[in-house]
Amino acid sequence: MAIIHHSNHSASPGVSSNFAFIAMTTLFFIWGFITALNDILIPHLKAAFELSYTQAMLVQLCFFGAYFIVSPFAGKLIERIGYVRGIITGLCTMALGCLLFYPAAEVSVYAVFLCGLFVLASGITILQVSANPYVAVLGSEKTAASRLSLAQAINSLGHTLAPLFGAALIFGAATADSASAVQLPYLILAGAVLLTAFGFLFLKLPQMQTEQNTETSAGGSIWQQKHLVFGAVAIFLYVGAEVSIGSFLVNYFADSSIAGLNEREASQMVSYYWGGAMIGRFVGALLTRFIAPIYVLATNAVIVILLLVLSINSSGELAMWSVLAVGFFNSIMFPTIFTLAIRGLGPLTSRGSGLLCQAIVGGAVLPLLQGLVADHSSVQWSFVVPMLAYFYICWYALSGSRLSVTTAQPETISHPQTETRS
């Protein structure tokens, strides 16, 4: 693993950390926006290619599978080319993924769309591996938490606006019933991403250097830390549940027994799911100052379970709004689980963080499982899959997070980790 620090001799004169941070927040917005757009892309491709729910969820498999596959290579790439060049590389890779949607629609082959999604997600992975640690050290250590919280809020803003963009340009297009409806919006995204990469090419941002950490020679193994291993499972299930729920909302709201909305109207409603998560972050940050995080996490998990039980066993607007409310209570889960899982790891913290980041692959697996249930029963009953995940999260908060916490070793990382999905 590597750590980073400011390179005083290479920082360009006249470039402030505040300006650099503002530039970096655009990246958080972009990857949040593109990630949430999958929730609109899935029902569109499902209809265009007459897919089963399981086949449609291959979108998330390819997208989040890239996190698991590409993350280790991205880390090595950044060590060789640096963080700013890593950002530009990530943006260009994302643009390539977006551009692949045009020929995919021309030949009307679902597999080409999946290939484009994998390339797009690979670019996002490189971008995150570059941007997250860059923002963490960009300024005073005392204000690192507030910088990361603001960056996460901007990320959530992208999640909130993307469904509106998709509803207008994909389901609002004259060719809404064909694969070609995605060509224009993803060409626009490719242009915006390339423009951003061009801007970063000429921005003289403060340079960061990497140096080898001594953690690899530290004694002990992350696999001996039960609270970390159980925490990785919790991250896997949480990200999987959050992504899975978002992936099914458009089809769920289009059901005549739920809301009977058309696809454009249903897509617009998805913004409430992600908007709730954005608001919940601010509320949760305040609550965890006064209430132990384990109790906030457990309470939110129980509330989400009750909301999903209500949605599964009701109809109409009650079923719709109860599942949308899940977004608000999801908000604090990722950072809280992450913090509990790396607590007391000392020199093993970076390796533990890497394990937790790879656990994001849950976003590739749970949607497939929910798709299988939906194909064999109904979309409404398929929400049992993410509901079971929240039972585990509740157990982890109250019990699993307290197992074998190492406290003898000194903490070596003081900055919180930036959330990568929501």
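Bin all alpha-carbon pair distances of segment 308-386 at 10 Å intervals from 0 and give each bin's fraction as a whole percent.
Reading the bins upward from 0: 16, 33, 29, 16, 5, 0.
Each label point is 7 Å from the Cα along the Cα-to-Cβ direction; what then is the distance between the points at L286 and N18, in nm?
The answer from the label model is 2.6 nm.
Each label point is 7 Å from the Cα along the Cα-to-Cβ direction; what then is the distance between the points at W321 and T339, in nm?
Computed distance between label sites W321 and T339 equals 3.1 nm.
Compute the FRET efficiency between W381 and K204 as 1/(1 + (r/R0)^6), taking r as their Cβ-Cβ distance and R0 = 35 Å, and round to the nearest 0.05.
0.05
Over the alpha-carbon set of segment 228-294, divide Rg by the Kirkwood Rh and report the Rg/Rh ratio to two decimals.
Values: Rg = 15.8 Å, Rh = 14.1 Å.
With Rg and the Kirkwood Rh in hand, the quotient comes to 1.12.
Round to the nearest 0.05 the FRET efficiency obtained for Y295 and E106 when R0 = 56 Å and r is the Cβ-Cβ distance. Each step should come with its number before you reach the end.
On the way: r = 54 Å, r/R0 = 0.96.
Here the calculated transfer efficiency is 0.55.
No value in this document is a laboratory result; all are computed from the given coordinates. Because the structure is predicted, anything quoted here is derived from the model rather than measured. Glycine also receives a Cβ, built like all others from the backbone with ideal geometry; neighbour counts cover every protein chain displayed.
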